[in-house]
Each structure stands twice: as C-alpha cells, then as structure tokens.
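Coordinate-derived values only; no laboratory data. Here the structure is a predicted model, which is why all the values come from computation and not from measurement. Heads up, the Cβs are rebuilt from the backbone with ideal geometry, glycines too, and the neighbour counts pull from every protein chain shown.
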Amino acid sequence: MAELFQHIINGISVGAIYALIALGYTMVYGVLKLINFAHGDVFMVGAMVGWYVARWTGESQSPSIGGALLIALAAMLVCGTLGFVIERLAYRPLRNSPRLNSLITAIGVSFFLEYGGQYLFGPNPRLFSVLPRQAGLHVGPVSLGYVDVVTLVVSVALMIALQRIVYHTKIGTAMRAVSFNSNVAALMGVNIDLVISFTFVLGSVLAAVAGILYASKYPTVQPLMGLMPGLKAFVAAVLGGIGNVPGAMLGGLVLGLAEQIVSGYVSSTWRDAVAFGILILVLLVRPTGLLGRGEAEKV
Amino acid sequence: MRRILPTLLAVAALAACKKQDQGSGMMSPNATGPIVIGEVGSMTGTEATFGLSSANGIQLAIDEFNAKGGVKGRQLQVKVLDDQGRPEEAATAATRLIASEHVVALLGEVASTRSMFMAPKAQQAKVPMVTPSSTNPAVTEKGDYIFRACFIDPFQGYVGATFAHDNLKVKKVAVLKDVRNDYSVGLAKNFIDAFTKTGGQIVAQESYSNGDVDFKAQLTNMKAAAPQALYVPGYYTDVGLIARQAREVGISAPLIGGDGWDSEKLYEIGGEAIVGSYFSNHYSPDDPSPRIQEFVGKYKKAFGGQTPDSLAAQAYDAAGMLVDAMKRANDLTGPSIRDALAATKAYPGVTGNITLDQNRNPLKPAVVLKVGKGGKYEFVTKVYPEGMQPESGSGGDTAAGGTKTGGNTAPAASPGSTPATGTAPAVGATSSASEASNTGQKQGVPSAEHPKK
C-alpha cells in the first residue's frame, strides 16, 4: 500500500510539471488554433538560462532560495522575450495563411531551437543544481522530495494566478474574446496583436518555470531535454481538452499518474506507449478531451 | 552470333574496367602515404566522455608508434568520426570510413550496441575491427574480423556477483537494467546467473530505457523488497540520476555496477548519492604497477593533467594490439591483418596481458573500485578469471616481478565499510596470461578463485 501512495505522489509531482507546460500549449491553441510545437524547446531554453545564471552568480556552488528566485526570474524574462520574438517573426506573418503552414513553421522553430541549442550549448548533459538540496519529507514509509514539494507549491500557485488572469483581468477577458471569435473581438476594439503576443509571453514564462523545476528534479540539462516533456505536455493538453485551461492541469496530473502507475506495476518500457496510447484513445473516443466542450461547426 | 559478339566484348570490357577499379581500391592500402586507421566513437551526446577518452587513448598510442617509425616504414593516421551515441550513425560512420577513406582497420565503438551496428559493415568489407571496450559477447560473434581488447560480460557479471557475495556479504540484491542497451541487459543476466549460483537472492528486477530521467516508480518497487544492494549495470548519466532518486525514495543500500560507470560525470551528476557505491572496471589508475603508472604519466603529460579513465587505457591497448598485428602482418590487406590479430599472444597491454582466445576475446582480470568522497575512485580488489594466475606486476609486467600487483599498496585508506582493501593477489606468480589462456579454457565460464587474503 505504501508503494501505491509513493507512486501517486511521484505521479502528481511529474504531472504538475506536465501541467505547467501543457498550459502554454493550451492557451496558444485557444487563442490562435495553433499547436506551438516549439513550446517544449522554450522550456529547454528556460532550463539552460537557469544553468548559465546559476553559474554566473555562483549559485550552483551554494544554492539558496533567493538565488533560485533570481534564476527563475531571469529564465522567465528570457523565455518571455523568446516567446514574443517567435510569435512576431515566425507566426504573425503566417496568421492568415492556411493552418498547415503555421503548424509546419512551428515544427521548424522547434528544430531550430533544438539544434541551435546543440550548436550553442553543446550536446553534453550538464549538472543543474539550483535549489538548495535538503532532505525531503518522510511520512511513514512514503517520502516526498524537497524539489517535489517546491514543484507542487509553485505549480499550484501559478495555476491559481493564471486562472485569475484569464477570468478576472481585462487582458484575460480580451484573450477569451479573441479565443471565442477574433474577428468580432477586433471589431469590438480588442487589440488582437497585443493579446496574441501576451498569450505567447505568458505561456513561455510558464514554460521557463517548468524548465527550472524539471531540471531541478532531474538535475541535468541538455538541448534535447524539451522534446519528450513537450510531447507529453501536448498529450496532457489534448487529454484535458485543448484550449481549456483547467483541462490542461487535469490532463497533466492524469498523465503523470498514469505513467507512474504503469511503470510501477507493469513496466517502465510501457510508460511512453501508455502516454501516447492515451492520446490516440482520447482522439478516437472523445476528441474534445475530458473538459473540452464540443463546438458546433459555424456555417 | 554477329550481334552477340560485340555485346560480349562490351561486357568483357566493362568487367575489366570494374576489375581494375576494384584493383585500385585494393591497392590503396599499399600506397606510400600514411596508413589510415578509422575510429568511430561517441564524441558528443550522453556518453561523450566514452568517445573522447577513447580517442585520446588511441591518439597517444598512435603518436608513440609514429615516433618509433610507424609501421612498415609508413606513418599512421587516425580518422575519427562521431556517431553522437547513435547506433545507426555508428554503422554509417563505419561504412564511410571503409568506402571513402579506405581505412585498413577500424577501432571502436565503446558501447556494445553501437559496435554491433558497425561489425557487419567491417565483416562484409573484410576490414578488421577492434573494439576497445564493448563487453557484450555477441559483438565478436558478428564475424571473424571482429576483435576486442576487453573482457566480456559473463566475466564482468561474475565479478560483480563474486564481489557482492564475498566482500559485501549481501544476500538480497535488486537489479535495475536498461532494456534498450545490449550491454546492460547482458550484464544484468550474467550477474543474476552468477549471484544466484553463490546462493544469493534477486529480490526485485526492474528496467528502464536509456535516456529516461524518472526512475522513481522502479525504485519505489525495489525499496519494498528491501535489497541490501542494487545492481545497476547502466551508463554513468543514467546511473547518476538513479543514485540520486534512490536516496530520495529512501534506499540507502550501495549500488554496484560495471565499467559503464567509468566517467568523471558519474560523480558530477550523482553527487553524494553515488559515494560508497562499487563498480567493476578494467583497470585502476591507482594501481601501483609500473606499466600502469608509466601510462598514467604519459597520458597526463599529453592531455593537460587529465587522469586516464579505463576507456582511455582500453583504447590505448586496442590501438597497440592492432598496430602490433599490423607490424606482424605480411601486408596491410584486411585478411593479413586479421590473421595477425587472431594470433595475438601475450601482448603487454596496460590493462593486462592480452591473449586472444578462439572467439577473439581476451582473458583479463577485472578490478573493483569504490566511489569515494569527492568522486575519487578507490581501488578495492582485483578479480581473476578461472585458470589465470595473478601476473607479476598487474598486467603481467615481466620486468617487475614480485609484489607489484595492485591492492597491497593501493589506497588502503578507503574507510568504513570497504571490506576488502588490500586483497593482495598471490605474490610472485610467474605464469603469464598467455599460458593460462592456452589451457583451452573457454572464457565466459569463469569459476575462478577470487584472490582473497
């Protein structure tokens, strides 16, 4: 029984990170109907920036909470800018072209970041130590790592903050309006470009935090590290209902739990198969996802 | 008939042309320029230190041979291709080296999986290939042009099992293997066979795939079985992460592994979590044998003070063994070099005397190292295969004689739970590795005496 609890806790901790990345996918999809495949690589850039800042400030030698915050802020700043630039240069010129063009461009941006990263940072994994290493919590036979606790707290806080932004601020209302019908929103005086840029920046900032948390949990960084988590988060977003913010959180958690239970009780070899099996299943049975609402085709 | 004749002539002419082409292709090894040896290695990627260390070792050996006048009056040149740690790339690199660089022989890969991708290409082209460090038995089974300079997994698994049983005195061990890696799978199997034979019990078996970063689920299951040690025959990046997560889920038992751990990155990634764990390896730079110390000195001088890991030492030996064979070969064609390589007898390598058996595998001792504080590897003990006496001067150093074999003067300082520091193998043994392996003992079924006090 203790193992089951441990698997659940591990699953929630992985799932929280998937959820943070999935939020970026889902927001961009909600607003632009574009699957931003470069999102996983923005996540990688966040972790890489964290590594460099940590080395520059000497934080990797003597990690502290304040330093970790500084590193997270720097990574958020860089990734936010990167998200803005990607949207401005790669997606905006194609906004009125067929959707397939944008999708292929997204894959191109993803490759650009991955292999540009290999060129720039080198392909070797490096040790990432940002959060102070402390003993985790032990509740009976179940143990909860320090990084896991931080991950959970930060993820939940960010998700609440995001929920507030989307539902209780002016820009959030504008985002929802653009998501609902961008043409009408534009007629109502909403600045579409601004809203879309804001969405990209917000998603990228979340990816940066996820990158720092992920790299602290599995303390290595390398340029292709965004590939798998990016794909998994995409599955999570689809599972929850793409375009739906609470759906992304739920999808992330469900996926994280499913992975850990499968590798705990079946075999870790099946872990990725299950994750992508879930994607296929959702698309077949309930294409709108767990929380997604079906949209009547507009004529 | 009148029509057929010109056609026949044309075909004959074409055939002649083709033959000539082949001829010139075959001629290139006998030209006067430098002799080109191909090397395939993971110079980048998660096992980059494997490729880089090996390349250094090979370069050092080749430079020495060149300084001594090369082979058959010609200088040697190494052409290195990076496979980024990917098996398909290793096969492509081997093909490229054979087809466009006309290499006389191939060195590499470190990883067994990648060597197995290269081997068919070498075999097909009749280009001899020597892998410095691929320990999976299946590698040399790919064909009679494939050789290796290291011991094989059945022996390494046996070393791990013997060590766990005799030195650590553990009875319950859990195994965590990389299912996508032939090396890891083979080693795990051989460890399990040998360990159960000693009366030990495997309490849990779990697996992961190379590149995974989350092992908590497997480790949680293993913890429930309360193992006294974990056998983790993986590569250093994965092992470092596994060690960390094992401590996080509350497993405090030591980890045991194989030569795939050998990299300074192991401690960089594993940190304190890996300290106190053990792995079997090909050699220890702390071994006081003069032959090893001379090599360590030369290597440090050539590469800015870096201490050679065992991959560098193995690569140095593999290159040495190959060049030695090239010197003995009648000419520099594939078949001649192959025959000379197959006849290798008591080649005095840094990692031990190398004599190849009929399966082109050497019979050599292994060392067990402990990861100490600050990531320093401490020499713990040396394990010999069956029928093999500890040579004088670890590595069969004929000049030294006597009590040089590692262990007695090696860091006896390793504190705490190191049970076997200073296990000095029999003193002054004169029988060399060559004699031992000539008894027709098939390697891979070692039931050897463990040189204990």
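Can you grab the distance from the C-alpha centre of segment A:229-299 to the C-alpha centre of segment B:121-198, Å, no decimals?
One Cα centre to the other: 40 Å.
Once you have all Cα-Cα distances for segment B:52-126, histogram them in 5 Å bins from zero and send the whole-percent values.
Cα pair-distance distribution for segment B:52-126, in percent: 3, 15, 25, 23, 18, 11, 5, 1.
For all pairs of alpha-carbon atoms in segment B:171-260, what percent lies in each bin of width 5 Å, listed from the first bin to the last filled one?
In whole percents, the pair-distance histogram is 3, 16, 29, 27, 18, 6, 1.
Using the count of nearby Cβ atoms within 10 Å as a rough guide to exposure, how do B:266, A:206 rank from fewest to most?
The order, fewest Cβ neighbours first, is B:266, A:206.
First measure r as the distance between the Cβ atoms of residue B:203 and residue B:359, then evaluate 1/(1 + (r/R0)^6) with R0 = 35 Å and state the FRET efficiency to the nearest 0.05.
Calculated value: 0.55.
Grab the beta carbon distance between residue B:99 and residue B:343, set R0 = 25 Å, and tell me the FRET efficiency rounded to 0.05.
E(calc), rounded to 0.05, equals 0.35.
Take residue B:272 and residue B:32, extend 7 Å from each Cα along the Cα→Cβ direction, and tell me the distance between the two endpoints in nm.
Using points 7 Å along Cα→Cβ, the separation is 6.6 nm.
Provide the net charge surrounding residue B:366, with neighbours chosen by a C-beta distance below 10 Å and charges set as Lys +1, Arg +1, Asp -1, Glu -1.
Residues near residue B:366 contribute +1 overall.
Roughly how many nanometres apart are two label points built 7 Å out from the Cα toward the Cβ at residue B:373 and residue A:173?
Output for this residue pair reads 6.5 nm.
Along segment B:182-192, what does the Karplus equation 6.51 cos²θ - 1.76 cosθ + 1.60 (θ = phi - 60°) give for ³J(HN,Hα), rounded to whole Hz, x for Gly and Pro?
Per-residue couplings from phi come out as 4, 4, 5, 4, x, 5, 4, 4, 5, 5, 4 Hz.
Quick one: what are the phi-derived ³J(HN,Hα) couplings along segment B:166-180, Karplus 6.51/-1.76/1.60 with θ = phi - 60°, whole Hz, x for glycine and proline?
7, 9, 7, 6, 9, 10, 10, 10, 9, 10, 10, 10, 8, 6, 9
Test of understanding: what is the full-extension gain from residue A:184 to residue A:227, defined as 0.36 nm times their sequence separation minus their Cα-Cα distance?
11.8 nm
State the Cα centre-to-centre distance between segment B:64-96 and segment A:1-26 in whole Å.
47 Å
Could you tell me the center-to-center distance, by alpha carbons, between segment A:141-155 and segment B:218-297 in angstrom?
26 Å
Indicate the gyration tensor shape class of segment B:268-307 (rounded, prolate or oblate), computed on the Cα atoms with a ≥ b ≥ c the square roots of the eigenvalues: a/c under 1.5 is rounded; otherwise a/b larger than b/c is prolate and the rest oblate.
Verdict is oblate for segment B:268-307.
Let me know the Rg and Dmax you get for segment B:121-244 when you use only its Cα atoms, in Å.
16.2, 52
Helix by helix through chain A, keep the DSSP H runs that span 24 Å or more along the axis on Cα and average at least 1.0 on Kyte-Doolittle, and give those back in order.
Once both thresholds are applied, what remains is A:2-32, A:65-86, A:146-168, A:192-217, A:245-265.
With a cut-off of 14 Å, note down the residues of segment A:72-112 whose backbone N falls inside the zone around a label point 7 Å from the Cα of residue A:33 toward its beta carbon.
A:95-103
Using only Cα positions of segment A:20-136, each an equal point scatterer, no hydration layer, compute I(q)/I(0) via Debye at q = 0.11, 0.16, 0.17, 0.18 Å⁻¹ and quote the log10 values to two decimals.
-0.43, -0.81, -0.88, -0.95
Below 15 angstrom from the Cβ of residue A:92, what's the summed charge of the other residues (Lys, Arg +1; Asp, Glu -1)?
Around residue A:92, the charge tally is +2.
Which cross-chain or sequence-distant (5 or more) residues have an amide H under 5 Å from the amide H of residue B:131, H modelled 1.01 Å from N in plane?
Excluding prolines and chain starts, which carry no amide H, the hits are B:108, B:147, B:148, B:149.
Once you have the Kirkwood Rh of chain A from its Cα pairs, apply Stokes-Einstein at 10 °C and 1.306 mPa s and quote D in µm²/s.
Result for D is 81 µm²/s.
Give the Cα extents of segment A:76-211 along the principal axes, in whole Å, largest first.
Principal extents (Cα only, largest first): 59, 41, 24 Å.
Rg and Dmax of segment A:1-59 over Cα atoms: what are they, in angstrom?
16.1, 45
Classify segment A:69-153 from the C-alpha gyration tensor, please: rounded if a/c falls under 1.5, else prolate or oblate depending on whether a/b exceeds b/c.
prolate
Taking every DSSP beta bridge that has both residues in segment B:130-265, what percent is antiparallel when rounded to the nearest 5?
0 percent
Counting only other chains, what is the mean number of Cβ atoms within 10 angstrom of the Cβ of each residue in peptide A:3-10?
Counting other chains' Cβ atoms within 10 Å and averaging over A:3-10 gives 4.
With a 10 Å Cβ neighbour count serving as the proxy for reagent exposure, in which order, fewest first, do B:332, A:253, A:73 appear?
A:73, B:332, A:253
What is the projected area of the convex hull of the Cα atoms of segment B:211-365, averaged over all directions, in nm²?
Result: 11.9 nm².
I want to verify a result. In a Gaussian network model of chain A, Cα cutoff 10 Å, which of these has the top mean-square fluctuation: A:137, A:213, A:255?
Top of the fluctuation ranking is A:137.
Taking the Cα centre of segment A:159-277 as origin, sum charge times position over the Cβ atoms of Lys and Arg (+1) and Asp and Glu (-1), and report the length of that vector in debye to the nearest 20.
Approximately 200 debye in magnitude.
Suppose only helical runs count, i.e. DSSP H with n ≥ 4. What mean residue ellipticity at 222 nm does that imply for chain A under -39500 (n - 2.57) per run, divided by all residues and rounded to the nearest 500 deg cm²/dmol?
Here the helix-only value at 222 nm equals -24000 deg cm²/dmol.
Treat the count of other C-beta atoms within 10 Å as a stand-in for reagent exposure and order A:111, B:379 from fewest to most.
A:111, B:379
Relative to the present Cα-Cα distance, how much length would full extension add between residue A:64 and residue A:84 at 0.36 nm per residue of separation?
Stretched out fully, the residue A:64 to residue A:84 stretch lengthens by 4.2 nm.
Residue-wise, which Karplus ³J(HN,Hα) couplings in Hz belong to segment B:76-88, taking 6.51 cos²θ - 1.76 cosθ + 1.60, θ = phi - 60°, and x for glycine or proline?
Residue by residue, segment B:76-88 yields 9, 9, 9, 10, 9, 10, 8, 10, 6, x, 10, x, 5 Hz.
Using 1/(1 + (r/R0)^6) with R0 = 22 angstrom and r between the beta carbons of residue A:266 and residue B:189, what's the FRET efficiency to the nearest 0.05?
Taking R0 as 22 Å, the efficiency between residue A:266 and residue B:189 is 0.55.
If the viscosity is 0.692 mPa s and the temperature 37 °C, what Stokes-Einstein diffusion coefficient in µm²/s follows for segment A:178-293 when Rh is the Kirkwood radius over Cα pairs?
205 µm²/s
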